[in-house]
Amino acid sequence: MAEAIDSGPLTLTWSGRGVDPARIEAELVRLRYGAAGYSGAAEGAAIRTSLLNLVVYAANEAVADEASETLARLTGHHPSRALIIIADSSQTESRIDTRLAAHCHLSSGLEQQVCCEEVVLSVHGNAAEHLHSVIIPLLVPDLPVYVWWTGPLPRGRHIFEELIETSDRFIIDSARFRHPTHGLSRVANLCRETPDCAIGDLNWARLRVWRELLAQRSAAQSGFSKAIDHVEIGYTPRADDDFLPAQAFLLLGWMAGHFAWTTDRLDRTAGGEITLSGRDRSIAVRFQATGHPSAEASSLTNVRLQAGGASLTIRLSDDGRHLLLTEQGLERSTQQTIAIEPPGQGELLAAQLDDLPGEDTGYDATLLAATPVLEALDVAH
Amino acid sequence: MHVLDAVQHIQGDAVRTSTTRGQYGPGWVSGEEVAGYRQEADVAPESRTETFVALKLCIDTWRWADVPFYLRTGKRMPKRSTEIAIQFKRAPHLLFRDVVDVAALEPNILTMRIQPNEGISLRFHTKVPGSPVRIRAANMDFLYGASFLMQAPSAYETLLLDALRGDNTLFARADEVEAAWSIVDDIVEGWQETPAAEFPNYEAGTWGPREAEELIERDGREWRRL
């Protein structure tokens, strides 16, 4: 076994190849000893404060490094023990390579404190099929376990389901799904089958500003939301396929819940529209692929709600930094420009970590409302 | 001795309701595949030896009335850890009861970690900074060794020195050992009268058989996540 010890003023690290997992906890303790030494207080209380365990599943080293950089920015607000797992079951040798880091922050009392312990585990061979046995011993007791699945959903079920079983909150990014309808349907099934497992989605968080604007503005004109009869959702297509993006489904699912539309009775027209049922009317929904100079593929570019002669349109500006709101309507016609700051991965993840394990974010209900739409459109594809 | 004498002995039907036993089968521990107990060297293939026990004890004293003591120990569990955890009752008056889901709040826990890494940790709930009232659990962990930056003597060093000094504070007296075993003997006797469920009944690398969960869930509680 080869190992190297390195230490910096604020981050202490250790790494080893072929490490017995039982040793990892001992090495983390050694890092805490080291952090206590840096505080300069010979008999200072070396207290570690933690809010959560975060397990990150990374497909490869590059993704793990990216996740590590994201986590390093969050440690001050989300003190945690983070386990970044790279599982490679293709190798014949069963081996666990480990990198540890203790990120220390100066507290106001000028004593240093370990805010975040990061454990990067490269699990090779058969052990990669039994991650549960590697992860459980390394969790901080009594704290919730958040799992961040960084990539597309896997074809196999074993590792994915093992991690879901371990988690109190499971965080995905549906923007990374190869096949959004399949992926979201699978997640919806998980919500139904695992009621205790709360699901978070970074892509759902990306829609927050769209949802808030639609809710605010549709409520501002009396009678508008109850009269909506046409919806258009525009998005940027991916270069290599014509799948509808997850954001479009999530927004429609959210609208169905928010405006009390029924999605369990829907029709699909020859023109590619689908029709949902409102209380006393039908709502025609059209998805439209559009080009956009700055928006990332699979993201929303515009939404238009029409209620008879009135309409509410939100469009992403060409620079991607503003939403252009146009209301033509029953009572007035207005135009408004709202500055937005597209959130980075760190901000999106931080928002998910802020959500408590059992907290209702509306995502589960949105997914369940979107499921019939997913199924109807999946058949078409 | 006072406490041991006050422990309610588990006898008769209470053995079935207040204890559970187990034996591990094959499984995975720390990324390694391990054999079941009956496949271990020098173990009979039909062995009925227990490798796990969970039980509930009560103490008949004024101080500990209505405070259940749940014990769980076993081999081939996910991690090696010896801890005493005190789970606090919910306060009768919760400050944020009108704005947070009180039922979702887990109890506060004070844990004394015996080994490894001696220390104390406290899990409690705290308000998240900011205007919305949101409560979340935080864990404050005191690591004994990291606080004094000096090597603590090993357990045997301490005991040998105490023996030389004639200090018997850390030694169990004969009557204390006998009192402790008399509690265990009653349970073993009860087990002998009622054959165990199918062994093995838990997979190596798990926290024991399902019956252990049921034992504590009957009281509306659950084992801590260690």
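Please treat every number below as a calculation from the coordinates, not as lab data. Since we're looking at a predicted model, the values are computed, not measured. Quick reminder, even Gly has a Cβ in these numbers, built from the backbone with ideal geometry, and neighbours come from all protein chains shown.
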In the range A:145-178, which residues are within 14 Å of chain B (Cβ to nearest Cβ), surrounded by fewer than 21 Cβ atoms within 10 Å (Cβ to Cβ) and not hydrophobic (A, V, I, L, M, F, W, C)? A:His158, A:Glu162, A:Glu165, A:Thr166, A:Asp168
Qualifying helices (runs of 4 or more DSSP H) (wholly inside the range B:130-207; at least 1 residues being in contact (Cβ under 8 Å) with a residue 40 or more places away in the chain, away from chain A (no Cβ under 14 Å) and among the hydrophobic types (A, V, I, L, M, F, W, C)): B:174-193
Considering only the range A:209-218, I want to know if a residue exists there that is in contact (Cβ under 8 Å) with a residue 60 or more places away in the chain, surrounded by fewer than 17 Cβ atoms within 10 Å (Cβ to Cβ) and among the aliphatic types (A, V, I, L, M). yes
Can you spot a residue in the range A:346-357 that is of a type in the set (Asp, Glu) and more than 30 Å from A:Val56 (Cα to Cα)? no
Some residue of the range B:107-127 being more than 26 Å from A:Ile24 (Cβ to Cβ) and within 8 Å of chain A (Cβ to nearest Cβ): no
Kindly indicate the residue of the range A:307-359 that is in contact (Cβ under 8 Å) with a residue 60 or more places away in the chain and in contact with an Asp or Glu (Cβ under 6 Å, 6 or more places away or on another chain) and also nearest to the other protein chains (Cβ to nearest Cβ) among those meeting that condition. A:Pro357
Here the residues within the range A:191-249 that are polar (S, T, N, Q) and in contact with a Phe, Trp or Tyr (Cβ under 7 Å, 6 or more places away or on another chain) are A:Ser218, A:Ser225, A:Gln247
Restricting to the range A:244-265, what's the tally of residues that are among the hydrophobic types (A, V, I, L, M, F, W, C) and surrounded by fewer than 19 Cβ atoms within 10 Å (Cβ to Cβ)? 1
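Quick grid of which residues meet (1) away from every other protein chain (no Cβ under 14 Å); (2) over 18 Å from B:Arg123 (Cα atoms); (3) of a type in the set (Lys, Arg):
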| position | (1), (2), (3) |
| --- | --- |
| B:Arg48 | yes, yes, yes |
| B:Leu55 | yes, yes, no |
| B:Asp60 | yes, yes, no |
| B:Asp66 | yes, yes, no |
| B:Phe69 | yes, yes, no |
| B:Met77 | no, yes, no |
| B:Pro92 | yes, yes, no |
| B:Asp98 | yes, yes, no |
Counting only residues in the range A:46-63 that are small (Gly, Ala, Ser) and surrounded by fewer than 21 Cβ atoms within 10 Å (Cβ to Cβ), the one farthest from the other protein chains (Cβ to nearest Cβ) is identified as A:Ala62
Being buried (at least 18 other Cβ atoms within 10 Å of the Cβ) and out of contact with any Ser or Thr (no Cβ under 6 Å at 6 or more places or on another chain) is the filter here; which residues of the range B:1-18 pass it? B:Val7, B:Val15, B:Ser18
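Step by step: first the residues of the range B:19-33, then only those that are at the interface with chain A (Cβ under 9 Å from one of its Cβ atoms) and part of a strand (DSSP E or B), then the one that is surrounded by the most Cβ atoms within 10 Å (Cβ to Cβ). Which residue is that?
Step one: filter the range B:19-33 for residues at the interface with chain A (Cβ under 9 Å from one of its Cβ atoms), giving B:27-33.
So of that shortlist, the ones also part of a strand (DSSP E or B) come out as B:27-29, B:32-33.
Values: B:Gly27: 21, B:Trp28: 21, B:Val29: 23, B:Glu32: 18, B:Glu33: 15.
Here the residue is B:Val29.
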Scanning the range B:208-226 for residues that are outside any helix (DSSP H, G or I) and buried (at least 20 other Cβ atoms within 10 Å of the Cβ), the one nearest to the other protein chains (Cβ to nearest Cβ) turns out to be B:Gly208
